[in-house]
Amino acid sequence: MIAPSRNDPVEVSGKHKTRIGQRVKPIQKSKKDDASDRLVEYFVVVSTRQCKLDSAHDGSVEMSLPAAADAQTKARLNARRAHMPGEDQVNGNFLRLSSIAGCSTSSTSSTCSSEENGIYLRAYQTTTDDDIAPSSLSLTPLELSPSKTEEFDGCLLEPVISARYPPADRPGQPLNPSLPQFCHPQGTDVLRASTEYKMPKIHYFVLTDSNAGKLFGTCLTFYEEFVPDDETYHPTRSTKKTLYAPRVLCLLSTWPYLIAFRTYLTQLYRLATTTDLMQAPIERYVLNICEEVPAPQPGSFAVQLSILGSNVRFWAPPAKQPIAYVSLPFKLLFECLDISNLMYTWYSLACERKVLLVSGQMSLLAVCAEILCSLLFPMRWSHLYIPLLPLSLSPMLDAPMPYLCGISRENFECVVGDIGDETVVVDLDRNVITLGQDTPALPPIPHKQRAKLESALQRNVGDVFWNARGMSQDEVSKFRRSGNNPEIKEMHSNARSLWSEKIRATDDAFNLAHAPESTSIQYNEDARVGTNAFGKQSRWDAVQEAFLSFYADTLKNYRKFLPKESNSRMNWHEKDSSKLRFHSEQFVLSQRREFQPFLEELVLTQQFDDFITRRMYNSSDEPDVIFFDKTIDAKRNKSILQVKKADTTFLHSANAHRELHQYTAILPNRENIPPNCHATVGSHGHRIYKYPVWPETFDTSMFGSPRPFPKDIAAEFKRTITLSGGRFFVVPRDPFEEYHEENESSS
C-alpha cells in the first residue's frame, strides 16, 4: 500500500503546519490562477490487491476500542456518546440528552431535552440574552450498530491506483499518491473481500494545498467479483462462495460540481456495464470529460454534457460574485440542522473553533462543509480543512489548531479518543451538537445583528428543516401550543421515521432523489423569489446575503483603521511596523459595546488577518474585498439617503442562471478507433462496446488525441479569468450610485 511516511509534514491552508501521525501530502497547485479551463483534472480508478498473510492469520479483522482505555479516552467517549451508533437509546431507540441552555461549556452535551413525557422537540426561539447556543431539537432515531467484530470469508485487501488519466501528472499539480486513503476513508488497512454484494455508493472529499487551493473529489464505489490467490487465501468456511471486492472511480476537479459529477459517474457506470448503448470505448469517455469538456465561464455560459439520454449541466455564477457555486445543494445543510444549530456551527467557525462534522452518510460531509465555508464570506477558512477525514489521519483531531473536519459515524467510535476536548462536534444526521470539557465559550453576538440574521433565515428557510421531516409550519405551531398527547407523540414518531428513511439512502449511488431527471428539481424547486427594484432573488441568495449583511454591519467602519500607506510588504504584525499595521485595538474600542466581545475575537483570527492583508496589499487584485467594501458603501448610502426602509439585494444568481447561454459539449470521439478494440454490432446497427465489469486498467491505445475547445469558448475563458483575477465575484449594485464601467475595470 502506498502511504506517506510518518515523518512527512503536512501543509495546512494558512500559516500553520503540524507533524501529527501519518499524513497525506496535499496536492500542490501552481501559483497561477486558481481556476482551470478543464472541467476535470484527473480520472482515477482505484482497485484492490490481495495482501499476503501468514498461515496463522485467517483474514478476519477485529475493530473495537481498546479494552483498557485510559481515563482521558473514557471521558471523551462519555462526552461524545450522543454521536455513537446505538448508544444510550431510550424510548424507541431515541437518545435522551442533558440540557445545556444556560449552562457552562464544560457540560458534556450541548443539546437540551424535555425530561417530561420523553418529548425531545422544542420550538425554535431567540434567547433573551446574546449568548448563542445550540438547539435542543433532535428528530432522528439512533440506529443499532453492527457487531464490532466481523467475520468474513474474504481476505485482506490493499487499494492501489490501477488506472488514471492523464497518465502523466498535470504541470504544477501532481496526482496525490495517497489518494486511495480518501477513496477508502473507512481505513485502508481493513479492506477485505466479502461474500455479500453491496450496492454502489457515492462520497466526496476535498484536498487542500498550502495556498488554500482546493481539489474536489467525487467517488463512486462499487463491488466486482474477486478471485483470491489460493496461496495466500485461508478461508474459514466454504470456498465455493462468490467473493466481491470494492473498486472506486474518482473524478478530481478544481470546480465544486459535486452533484453534477455524481450524476455523470453513475450514468457512465450504467452505460458501460448495464446497457448496449455505448458507441465508443470507455477510454474515449474518460478523455472527453478530462480534455474536451470546458469548464463553464463565470457568468458567460453554461456547459451541458449529454450521457445516456440525460443532460448534466455545469454553470458558474457571474464573474466577481462572492457566493459559493449554486451547484452546491444548500438545502441539504438546512434539512440536517435547525436554525439554532446552524447558527451555532457558523458562529463557532467565525470564531475559529475546532469543528468536527459527523454523519452516517459520507456524501453529506464535504457538501455541508463547503456550504458552511461559504457563509463565512468575506472571510476564508484558513486552517486545517479535511471535510472527509480518512481513518488513518484521525490523530489530526487532537491538533493544537482550529480545524473544520468531517468523519463518518462508522469511524467515529474508533477515533473518539483522538477528538480534542475543545472540539465542537456537529451531528448532521441527528441535529445534535456536543461540546468537550474544555470548549471555549463563544462571545456574545451583537443583539440587533443576530435578530436580523435569525429573522432572515426564518423568513427564507425556516420551513426547510420541518418539511424534510414531513411537518409543515402549521403543524409545528400546533405542537408548540399542545401538551403531551397521543396525536403529538405520533407526529413526533412519524417525523423521526421519515427523516431516518430519507437520510439513510443519501450515499446510494442510484438513489432516486439523485436521478438525472430529478436533480434539478431537488435543488431548484424552492428558488423562492421576491420582487424588488432590482430583480428577483432566490431563497439561497437571500440566505447568503443575510450572513454577508452580518459582516457588513459589524465591520462597516474597519477601513478607518487601515494604515494610510499600505504598499509596503512588511508584515503588519511586526512591532517595528506599527504605522503599517491595522489598528485593531482602536477599531474594537471605537465600536458599540455590544459589538466588542465578538470583534475582540474576530481581529485575532487567522481569517481576519488574511482578509486585512489582502485589503492592505492586494486590494486591486482581490475581487471579494472590492465586493465587500462596495456592499458596505451601498448599505450606508441606503441608510443615509432613504427615509423609508426598503430591501436592497446584491446577490441574484437565480437571474444569472436563467440568462446564461448554453454550450453543448462534444460527445466522445467515435472516429479512428483502433481495430483491435473489441466491439459488436448493436440493435441499431452501430458498433457498441459492452463491459461485463468496469475494467481495472485503461488501454492507452484507445484514448486517441483530444480535440481542442472551440476558439470562442477558449477566448471567453481567458477574458473572464483576466477580468476576475482567477476568482468569480460580481460588484454589488448600489441603488443610489451608478458604478461606471471604467471604475469597475480599474477595480
Next item on the list: Please report Rg over Rh for the range 320-428, where both radii come from the alpha carbon positions and Rh follows the Kirkwood definition.
Entry: 0.94
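Relative contact order of the range 400-445: what whole-number percent is it, with Cα pairs under 8 angstrom and at least 6 residues apart? The partial results should precede the final answer.
Details: 27 pairs, mean separation 12.6, N = 46.
Relative contact order comes out at 27 percent.
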Notebook entry, point to check: Based on the Kirkwood radius over alpha-carbon pairs, what value in µm²/s does the Stokes-Einstein equation return for the translational diffusion coefficient of the range 414-507 at 37 °C and 0.692 mPa s?
Noted result: 199 µm²/s
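Between residue 78 and residue 198, what's the calculated FRET efficiency when r is the beta-carbon distance and R0 is 41 Å? Round to 0.05.
Details: r = 33 Å, r/R0 = 0.80.
Between residue 78 and residue 198 the formula returns 0.80.
For the range 291-447, what is the relative contact order in percent, using Cα pairs closer than 8 Å and at least 6 residues apart in sequence? Before the final figure, lay out each step's value.
Values: 238 pairs, mean separation 34.5, N = 157.
Across the range 291-447, relative contact order equals 22 percent.
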Notebook entry, point to check: Roughly what would the spin-label model give for residue 593 and residue 664, points 7 Å off Cα along C-beta, in nm?
Noted result: 6.7 nm
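Which of the residue pairs 556/630; 448/556; 452/556 have a Cα-Cα distance greater than 20 Å in the structure shown? The partial results should precede the final answer.
Values: 556/630 10 Å; 448/556 15 Å; 452/556 16 Å.
Violating the 20 Å Cα-Cα cut-off are zero pairs.
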Next item on the list: Step through the residues of the range 409-426 one at a time and calculate ³J(HN,Hα) from phi using the Karplus curve (6.51 cos²θ - 1.76 cosθ + 1.60, θ = phi - 60°), rounding each to whole Hz and writing x for Gly and Pro.
Entry: 5, 4, 8, 4, 5, 7, 10, 4, x, 8, 6, x, 6, 9, 7, 8, 9, 10
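Work out, step by step, the length gained on full extension between residue 690 and residue 557: first 0.36 nm times the residue separation, then minus their alpha carbon distance; give nm to one decimal. Spell out each step's value before the answer.
Details: separation 133, 0.36 × 133 = 47.88 nm, distance 6.44 nm.
Gain on stretching residue 690 to residue 557: 41.4 nm.
Rule-based calculations on the coordinates, nothing more; no lab input. Just so it is clear, the model here is predicted, and its values are computed rather than measured. All Cβ positions, glycine included, derive from the backbone under ideal geometry; neighbour counts span all protein chains shown.
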